[in-house]
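Structure, as structure tokens:
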Amino acid sequence: MLRLLVMLASIANCAGGLVLIATWATMWQRVPIIVLFIGGSLLIQGAYTLLYLRADLARWGDLATGALFAGEGLAACVGLGGLIQGIIHNMNNADMEMAPVLAGLLMLVQALLAQLYLLVTGRLHARG
């Protein structure tokens with residue numbers, strides 16, 4: 001069940017990333033370039049996790065697991081920061097931009113689910 005949740009969150013990240021990339025590509029004159037980078041980050045995070053869950057990265061062994069663990073740890077920090085910044089921005093301004101809040105939430109939730117998956121499945125182990 002947890003694996004399915006991680007997969008769904010990863011698919012949502014990929015979709016959200018593609019939407020942000022397409023938004024920037026179609027309206028690059030009015031949309032800041034950070035939207036492109038956030039979209040790329042969501043797409044990479046979701047795609048790497050999907051590849052990991054499908055065992056397409058199994059030949060890399062512990063290196064793939066370590067990269068997933070480190071990447072999701074960083075993504076959790078960035079997602080939380082984006083979520084907090086988006087909420088603070090919306091409290092101080094009348095424009096109520098929900099895209100930064102949703103992007104931060106997508107990034108954070110998927111990162112936490114992936115970290116939990118690695119922990120529960122026992123893929124994180126000390127090398128002796």
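The values are calculated or read from the model by the stated rules, or taken from the named source; none is laboratory data. The structure displayed is predicted, hence computed values, not measured ones. Neighbour counts run over all protein chains shown; Cβ positions are idealised from the backbone, glycine included. Areas reflect the complete protein model, heavy atoms only, side chains present, ligands, DNA and RNA absent. Shrake-Rupley method; radii C 1.70, N 1.55, O 1.52, S 1.80 Å.
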| request: Any chance you could give the angle, 0 to 90 degrees and rounded to 10, that helix 99-120 forms with the longest Cα principal axis of the chain? | output: 10
| Contact order relative to length of the chain, as percent, for alpha carbon pairs under 8 angstrom and 6 or more apart | 28
| query | How do the peptides 106-117, 30-41 rank, highest first, by the average count of neighbouring beta carbon atoms within 10 Å per residue? | reply | 106-117, 30-41
| remark: Carbon and sulfur atoms account, in whole percent of the 1.4 Å probe accessible area of the chain, for 74
| note | In Å², rounded to a whole number, the accessible area per residue of region 12-58 with probe 1.4 Å is 57
| Using mean Cβ contacts within 10 Å as the protection proxy, how do 1-8, 19-26 order, highest first? | 19-26, 1-8
| request: For helix 62-92, report the angle its Cα long axis makes with the longest principal axis of the Cα atoms of the chain; keep it between 0 and 90° and round to the nearest 10°. | output: 20
| note | With the charge dipole of the chain built from beta-carbon charges (+1 for Lys and Arg, -1 for Asp and Glu) about the Cα centre, the Cα from 98, 118, 26 projecting farthest to the positive end belongs to 118
